[in-house]
Structures are given as C-alpha cells and as structure tokens.
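**Q** I have a structure I would like to understand better, so I am pasting it below and will then ask my questions one at a time.
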Amino acid sequence: MATDDVPGDVVPGEALPGPDVRGSDMPSALADAVWPAVPSGALVLVPVGSTEQHGPHLPLDTDTVVARAVARRAADALTTAAHAPPLVAPALAYGASGEHADFPGTVSIGHVALRAVVVELTRSLSLWAGRIVFVNGHGGNTATLDTALAQVRAEGHDACWTGCAVPDGDAHAGRTETSLLLHLDPGRVRLDAAVAGDSRPLAVLLPELMARGVRPVSPCGVLGDPAGSSADEGRRVLDAMVAATVRRISAWTVDGRGRLAGPAPSGAVDR
C-alpha cells in the first residue's frame, strides 16, 4: 500500500545520470539510454507501484514514488561482478488497488491485467536482459506478483520480485509513508490536511479490508496515524528498505512464489 512525482521520472533530491554512454559502471535509468548502449545480460530493476488514494495529505502516486526511489538507490548500491551494471526501468504506476476503489482518484487495473502486464514485461525484457527484479511498493500487488513470477520462472525466465520492507510500519498513509514522502518529495505532502485513521494492526484489519474495502473501515483513507512523521525518519526507513533490497538481490535466493528470499525485519509490513 505504500515506498517515486514530478514530470518524467525525477525524484527530488536524487542525482540523475547524464547521457548514457556506457563508459562507466554506474547504473542508469533505462529510459535515458539509447539502444546501442544497452548491454546484453543486464540486471534490470522494475519499480511497481499504484495510483490510489493515500489519505487527504499524500499524493496518489505515493507507492510509485517509494518503489522508484528504492529501485534507483538499490541500483546505485549494487556491485555486480557477474552482470552488466544495473538498469532501472520506468515504473509501472498502476496496480491492483480495488480496495481503494471507493475513493476518487484511484486508478486500478486489477489482478488479471496486472498479471498479464508483469508476464509480458518479463518476456520482453528477457530478450536482452539477464536477471529481472520487480521492486514492489504496493501491498495490493503481492498476490498477483506471486502468481505472475511463479509463471515466468516456470517458463525459464530468471526473474523475481521483492517488496519494500518497512520495519514496524503502519499499513497505509500513516506515519511511515508520510515520513517517506517528507524525505523524498516534501513539497507534495499536505501536513495541514493530515488526519489519523484506523490504527489497528494490519493483521487485525485485513479480513475487514478484504471484505469491504478501505473506505468503510477508514472514511479518510488512512490506516495509521501520520502524527510524528518527519523527513529524518523517512530517510532512515528508506535506508532500511534499500539495504534489505540490496541484500536480497545480492543473495539471489528465490522461493517458490518468485519472491527474493530473506525475511523482513521484525514487525515489518512487506509491500
């Protein structure tokens, strides 16, 4: 439900690479490259987010903002002796967000379409890429990613997915995501509009959310409480997400669902 929005794919505070001439081993944005510069066998990270309500104070693309930031910073941190420098693909900004459908602004493509998109992206990327990692920022996508990645791995593609783990994070648009956006894009956070929602643990809320959606449970759309959020906390949370992503990619242990193995920290909400 939560962890990349401005024109294009720019995240404020992040330095973008210059023209991609592949003269260095620095990772780059795939969208910035020209085709002769794209190396065969590259590791490609694909951020997956959503366009859905995030309370009255956070932008609709919050999950995409976070997924893109985690993918870019993980690519910066990775050293890949056996592969070409990592590339970060343009983010997939629509996901399975049916639980938020009662809120204006939410755009969901649903599980069937999301699965088809992930499968076809994998097949296409595999024509020239080596390994493919979908970096997911939205909890509603997880079941679909499990089935899609299990399918493409059965087809022989070296692809998997990993979530943006949030140690002790609240479920949606609360302190965790508000802190992340205060760090990544503070000008788009409307703190004066922030309100607390249902703060019960996600494990308690989940049956009701699945049966009724978010709005009957929390009319404001928040699951948690934004109070106390800060850019400094957001920086620490993002650092933890990136570190977990780098560890998982480096180990490259994939379970039967197509997930990169490696437990999230205690109490984490794995998006």
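The values are calculated or read from the model by the stated rules, or taken from the named source; none is laboratory data. Remember, predicted model here, so these are calculated numbers, not experimental data. Cβ sites come from the backbone with ideal geometry, for glycine too, and all protein chains shown count toward neighbours. Only protein heavy atoms, including side chains, enter the accessible area calculation; ligands, DNA and RNA are left aside. Shrake-Rupley method; radii C 1.70, N 1.55, O 1.52, S 1.80 Å.
**Q** Can you name the number of the only condition in (1) more than 15 Å from Thr176 (Cα to Cα); (2) open to solvent by 10 Å² or more (accessible area, probe 1.4 Å) that Pro47 fails?
**A** (2)
**Q** How many residues are under 11 Å from the mean Cα position of the chain (by Cα) and open to solvent by less than 10 Å² (accessible area, probe 1.4 Å) if we restrict to the stretch 50-63?
**A** 3
**Q** Still on this model: Is there a residue being in contact with a Pro (Cβ under 9 Å, 6 or more places away or on another chain), over 26 Å from Asp32 (Cβ atoms) and surrounded by fewer than 22 Cβ atoms within 10 Å (Cβ to Cβ) anywhere in the stretch 79-94?
**A** Checked against the condition, which is being in contact with a Pro (Cβ under 9 Å, 6 or more places away or on another chain), over 26 Å from Asp32 (Cβ atoms) and surrounded by fewer than 22 Cβ atoms within 10 Å (Cβ to Cβ), the stretch 79-94 yields no hits at all.
**Q** Out of all the residues in the stretch 121-136, is one or more closer than 21 Å to Leu60 by Cα and not β-branched (Val, Ile, Thr)?
**A** Within the stretch 121-136, one or more residues are closer than 21 Å to Leu60 by Cα and not β-branched (Val, Ile, Thr).
**Q** Restricting attention to the stretch 1-36, which residues are modelled with pLDDT of 90 or more and open to solvent by less than 20 Å² (accessible area, probe 1.4 Å)?
**A** Scanning the stretch 1-36 gives a single hit, Ala29.
Let's see how each residue does on (1) small (Gly, Ala, Ser); (2) in contact with a strand residue (DSSP E or B) (Cβ under 8 Å, 6 or more places away or on another chain):
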position: Ile132; (1), (2): no, yes
position: Ala173; (1), (2): yes, yes
position: Ser179; (1), (2): yes, no
position: Pro186; (1), (2): no, no
position: Asp192; (1), (2): no, no
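**Q** For the stretch 127-148, what are the residues that are closer than 15 Å to Ala89 by Cα, assigned to a loop (DSSP other than H, G, I, E, B) and open to solvent by less than 20 Å² (accessible area, probe 1.4 Å)?
**A** The answer is Ala129, Gly137.
Each row is one residue, and each column tells you yes or no for (1) in contact with a helix residue (DSSP H, G or I) (Cβ under 8 Å, 6 or more places away or on another chain); (2) among the charged types (D, E, K, R); (3) buried (at least 17 other Cβ atoms within 10 Å of the Cβ).
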{"residue": "Val65", "(1), (2), (3)": "yes, no, yes"}
{"residue": "Ala75", "(1), (2), (3)": "no, no, yes"}
{"residue": "Ala96", "(1), (2), (3)": "yes, no, yes"}
{"residue": "Ser108", "(1), (2), (3)": "yes, no, yes"}
{"residue": "Arg153", "(1), (2), (3)": "no, yes, yes"}
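**Q** Within the stretch 166-262, considering only helices (runs of 4 or more DSSP H) that don't extend past its boundaries, which have at least 2 residues that are open to solvent by 40 Å² or more (accessible area, probe 1.4 Å) and under 30 Å from Leu149 (Cα atoms)?
**A** 202-212, 231-251
**Q** Being touching a helix residue (DSSP H, G or I) at 6+ places or on another chain (Cβ under 6 Å) and either open to solvent by less than 10 Å² (accessible area, probe 1.4 Å) or modelled with pLDDT of 95 or more (or both) is the requirement here; does Gly163 meet it?
**A** Answer is no for this residue.
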